[in-house]
Amino acid sequence: MTDTQIKAAILHTIRKEGGYVNDPVDRGGETKYGISKRSWPDVDIANLTIWQAFAIYRKWYANPLRIAEINNPRIGWKIFDVGVNAGLSRAVKLTQGVVGTDVDGIIGRQTIAAINETDEATFFMHFISALESFYVDIVERNPGQERFLRQWLKRASDVGAGLCCSPIGNR
């Protein structure tokens with residue numbers, strides 16, 4: 001992915017995450033732009049700016065997930081988005097299960113190569129199914145989370161339609 005595509009991917013997720021919420025049922029607690037107090041206890045969530053959230057996402061999610069090395073921007077965004085929503089390790093393990101590499105939760109050269117060799121339709125068909133199962137399992141283990149399931153499933157089916165697959169500006 002190009003730098004411009006990475007920026008677009010991060011902003012796409014920030015838009016999905018929305019603004020400030022403090023839902024007592026949400027395990028993340030106080031949250032803004034998807035940055036939760038539970039995960040980021042030293043961050044002033046209520047006063048977090050969109051650009052501070054962007055910096056957190058780039059450094060702590062996009063870079064460790066190595067999305068810059070993923071050729072397809074929609075696939076790169078999807079892995080990133082799941083990393084934000086379900087955790088980095090979960091995003092990598094789901095990806096590895098789909099692309100047929102060892103499922104170890106570490107995104108290395110072999111995983112990146114397998115991602116780049118997988119066509120978009122095949123990736124999304126299997127990834128969305130695995131992600132839906134993950135969310136359903138959460139609710140089966142903790143029925144109190146059922147109120148979030150509909151939105152999780154909607155998010156799972158999102159294939160990043162607003163993100164193009166050719167480099168931005170080179171269409």
Legend entry - Cβ-Cβ under 7 Å pairs, at least 6 apart or on other chains, segment 32-54 side within 14 Å of GLU17 (Cα to Cα), far side among the aromatic types (Phe, Trp, Tyr): LYS32/TYR20; LEU48/TYR33; ILE50/TYR33; ALA53/TYR33
Legend entry - Residue pairs meeting the criteria (Cβ under 7 Å; at least 6 apart or on separate chains; first without any contact (Cβ under 8 Å) to a residue 24 or more places away in the chain, in segment 139-151; second surrounded by 12 or more Cβ atoms within 10 Å (Cβ to Cβ) and of a type in the set (Ser, Thr, Tyr)): LEU149/TYR135
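Considering each of THR101, THR122 in turn, give the residue that is more than 16 Å from the chain's Cα centre (by Cα), over 13 Å from ARG66 (Cα atoms) and in a helix (DSSP H, G or I).
Numbers: THR101 fails: in a helix (DSSP H, G or I).
None of the other options fit; the residue is THR122.
I'm trying to understand the selection: among the residues of segment 34-77, which are among the aromatic types (Phe, Trp, Tyr), over 26 Å from ILE115 (Cβ atoms) and either modelled with pLDDT of 95 or more or not in a loop (DSSP other than H, G, I, E, B) (or both)? Give the derivation first.
The first filter runs over segment 34-77 and keeps only residues among the aromatic types (Phe, Trp, Tyr), leaving 40, 51, 54, 57, 60-61, 77.
The next check asks that each one be over 26 Å from ILE115 (Cβ atoms); those that pass are 40, 51.
Scanning segment 34-77 gives a single hit, TRP51.
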Inset, instruction - Using the structure shown, decide if ALA9 is more than 15 Å from the chain's Cα centre (by Cα) and not in a loop (DSSP other than H, G, I, E, B). - result: no
Legend entry - Neighbours by Cβ (under 7 Å, 6+ apart or cross-chain): first from segment 99-126, under 19 Å from GLY83 (Cα atoms) and at pLDDT 95 or above; second outside any helix (DSSP H, G or I) and charged (D, E, K, R): ILE107/ARG66; ILE112/ARG66
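The values are calculated or read from the model by the stated rules, or taken from the named source; none is laboratory data. These figures come from a predicted structure and were not determined experimentally. All Cβ positions, glycine included, derive from the backbone under ideal geometry; neighbour counts span all protein chains shown.
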